[in-house]
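This report refers to the structure that appears directly beneath it.
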Amino acid sequence: MDKKTVSTIAYLSRLSLNEQNQDKITKDLENIIKFVDQLNDIDTSDIEPLTNPLEKTAKTRDDIV
């Protein structure tokens, strides 16, 4: 991730960045990309995918005053 890429992303997002923000966002985006790469390395072959995250129901409790 370089400053030119961050500038392009900021322009497309209609964000105004000063030099300090640009340096911080560059580092943050690099960390996000590294994290996503770690997620891609996880073996999920034994995990059945959900068709909808709402398939799981939340535990509820009685609404007592």
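Does LEU29 meet the test of being among the aliphatic types (A, V, I, L, M) and part of a helix (DSSP H, G or I)?
Numbers: among the aliphatic types (A, V, I, L, M): yes; part of a helix (DSSP H, G or I): yes.
Yes, satisfied.
Might you check whether a residue that is assigned to a helix (DSSP H, G or I), of a type in the set (Asp, Glu), within 19 Å of the chain's Cα centre (by Cα) and loosely packed, with under 13 Cβ neighbours inside 10 Å occurs anywhere in region 3-19? Full working, then the answer.
Step one: filter region 3-19 for residues assigned to a helix (DSSP H, G or I), giving 3-12, 19.
With of a type in the set (Asp, Glu) added as a condition, the list becomes 19.
Restricting the remaining residues to those that are within 19 Å of the chain's Cα centre (by Cα) gives none.
No: region 3-19 contains no residue that is assigned to a helix (DSSP H, G or I), of a type in the set (Asp, Glu), within 19 Å of the chain's Cα centre (by Cα) and loosely packed, with under 13 Cβ neighbours inside 10 Å.
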| note | For ASP41, the lone unmet condition from (1) within 17 Å of MET1 (Cβ to Cβ); (2) open to solvent by 100 Å² or more (accessible area, probe 1.4 Å); (3) of a type outside the set (Val, Ile, Thr); (4) within 20 Å of the chain's Cα centre (by Cα) is (1)
| If you go through region 32-47 one residue at a time, how many are outside any loop (DSSP other than H, G, I, E, B) and either in contact with a strand residue (DSSP E or B) (Cβ under 6 Å, 6 or more places away or on another chain) or among the acidic types (Asp, Glu) (or both)? | 1
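Given the criteria hydroxyl-bearing (Ser, Thr, Tyr) and exposed (fewer than 11 other Cβ atoms within 10 Å of the Cβ), does THR57 qualify? Talk me through it step by step, then tell me what you get.
Values: hydroxyl-bearing (Ser, Thr, Tyr): yes; exposed (fewer than 11 other Cβ atoms within 10 Å of the Cβ): yes.
In short, yes.
The values are calculated or read from the model by the stated rules, or taken from the named source; none is laboratory data. All of these numbers come straight from a predicted model, not from anything done at the bench. Note: ideal-geometry Cβ built from the backbone for every residue, glycine included; neighbour counts use all protein chains shown. These area figures cover heavy atoms from the full protein model, side chains too; ligands, DNA and RNA do not enter into them. Shrake-Rupley method; radii C 1.70, N 1.55, O 1.52, S 1.80 Å.
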